[in-house]
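Student: Take a look at this one; I'll ask things after.
Every number here is computed from the coordinates shown, using simple stated rules; none is lab data. The structure displayed is predicted, hence computed values, not measured ones. Cβ: placed from backbone, ideal geometry, glycine included. Neighbour counts: every protein chain shown.
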Amino acid sequence: MKKPVRIAVTGATGQIGYALLFRIASGDMLGTDTPVILQLLDLPQSQTAAQGVMMELQDCAFPLLVDMFATHDPEVAFKDADIAILVGARPRSKGMERSDLLQANAEIFATQGAALNKVASRNVKVVVVGNPANTNAYIAMKSAPDLPAKNFTALMRLDHNRALSQLAEKTGKPVSKISKLCVWGNHSPTMYADYRFATIDNENIAEMINDQSWYVNEFLPKVGKRGSAIIEARGLSSAASAANAIIDQIHDWVIGTNGEWVTMGVPSDGSYGIPEEMVFGFPMTCENGEYTIVKDLPIDEFSQQRINQTLAELEEEKAEVSNLI
Ligand code: NAX
């Protein structure tokens, strides 16, 4: 049996946490040969709920779940964590301005970044989910100067999966046949789901669909506003699909993509003119626990315009929280 992997999950008693923890413990994320220890973080007022979630986890009798605990102290939750999934964030309350929300969340992620810096495994892999995910990941990364910056990522896989499914529906082909799709930028409606390189059985999807108006006027807005459409229909924000995307992103980062492209929000290395360290969605391949940005793709005028738009939004978010970094 392999050594257990310590997985810290924040916001553990929230909707995404509830959809996520059971799948981690069942082996969906790291494989059925990898035991796990769950280290759950939530606010003091959620500790009773956390006990309830742990009772349910216990009642599943998962063979891979070797230990778990819940706490409200980030330094306890992140102790020796190999993987940290930062889901917990402040929701927007009535009358709260966007800048107030950014600030409130920035403070949470600055504190959690500092705690990771102090107590987590030196090679902890971090996925930030709580919104605004890219900027929160940037703040956590800047608050953890002793950890590798590249280990701080933002969840962009839900956007990628949403785009995949829309293309599968349009072409009538299975999702599993689609390759080389990517989503650039911020996890927000400004994201740019780019299908220019995407193929099905080596056939270019853009040529197959051959309808730029559908792409610009239907596909891009549908993918970009999918989160709002779900809130409208369900009365609650995406939870199971978000949890599934977290599982996918970490699975692929740890286990590899076999040359397939996925999307992750990662600190830029300057590729495609994105300022260094800006946490940005890029096309990615993963191997041996490391990700690599797919380089040197041609960027046409339309794509550059879309990339500039999502970058401008991230620059704005960063400026609003500059007091914390
Ligand atoms: P919930 O409100 O159901 O749960 C959030 C949980 O976080 C609560 O249990 C709360 O007590 C806890 N929490 C709040 N502050 C905390 C702190 N400082 N430390 C630890 N725990 C804390 O929200 P849920 O639906 O689970 O969504 C969580 C976050 O994910 C939100 O910010 C949401 O916007 C974001 N999302 C991000 C997505 C992405 O693709 N990046 C997609 C789904 C989701 O919208």
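Student: Taking each pair of distinct Cα atoms in the chain once, what is the resulting Kirkwood hydrodynamic radius in Å?
Tutor: Values: mean 1/r = 0.0499 Å⁻¹.
The Cα-based Kirkwood calculation yields 20.0 Å.
Student: While we're on this one: Please compute the modelled spin-label separation between Val76 and Asn217, points set 7 Å along Cα→Cβ, answer in nm with one decimal.
Tutor: 5.7
Student: Give me the lysines in straight-line cross-link reach of Lys142: C-alpha distance below 21 Å, same-chain residues under 8 apart excluded.
Tutor: Counting by Cα, and skipping residues close in sequence, Lys142 has these lysines nearby: Lys79, Lys118, Lys125, Lys150, Lys318.
Student: What residue among Pro298, Pro74, Pro189 shows peak mean-square fluctuation when the chain is described by a Gaussian network model with Cα springs under 10 Å?
Tutor: Checking each option, the largest mean-square fluctuation is seen for Pro298.
Student: Given just the C-alpha atoms of region 54-169, how large is their convex hull per residue in cubic angstrom? Don't skip to the end; give the middle numbers.
Tutor: Values: hull volume 19.5 nm³, N = 116.
Convex hull of Cα atoms, per residue: 168 Å³.
Student: If you average 1/r across every pair of different Cα atoms in region 156-321 and take the reciprocal, what Kirkwood value do you get, in Å? It would help to have the intermediate numbers written out before the result.
Tutor: Numbers: mean 1/r = 0.0613 Å⁻¹.
After inverting the mean inverse Cα-Cα distance, the result is 16.3 Å.
Student: Which one, Leu220, Asn258, Ala193, projects farthest toward the positive side of the charge dipole computed for region 157-297 from Cβ point charges (K/R +1, D/E -1)?
Tutor: So the residue we want is Leu220.
Student: Setting aside same-chain residues fewer than 8 positions from Lys222, which lysines have a Cα under 18 Å from its Cα?
Tutor: Within the straight-line cut-off, Lys222 pairs with Lys170.
Student: May I pose another question? Applying a 10 Å radius around every beta-carbon, put 193-203, 87-97 in order of their mean neighbour count, most first. Numbers along the way, then the final one.
Tutor: Details: 193-203: 17.6, 87-97: 14.0.
The densest-packed peptide leads the list: 193-203, 87-97.
Student: How many percent of DSSP beta bridges within the chain run antiparallel, rounded to 5? Intermediate results must be reported in sequence, preceding the final value.
Tutor: Working: 19 of 42 bridges.
Restricted to the chain, the bridges split so that about 45 percent are antiparallel.
Student: In whole Å, what is the distance between the alpha-carbon centres of region 201-257 and region 159-196?
Tutor: The two parts, judged by their Cα centres, are 5 Å apart.
Student: Convert each backbone phi in region 308-325 into a coupling constant with the Karplus relation 6.51 cos²θ - 1.76 cosθ + 1.60 (shift: θ = phi - 60°), then list the ³J(HN,Hα) values in order as whole Hz, x for Gly and Pro.
Tutor: Each residue of region 308-325 in turn: 4, 5, 6, 5, 4, 5, 5, 4, 5, 4, 4, 4, 5, 10, 5, 5, 9, 10 Hz.
Student: Straight-line reach from Lys173: which aspartates and glutamates have Cα under 20 Å away, leaving out those fewer than 8 places along the same chain?
Tutor: Those aspartates and glutamates meeting the cut-off are Asp159, Asp194, Asp201, Glu203, Glu207, Asp211, Glu218, Glu260.
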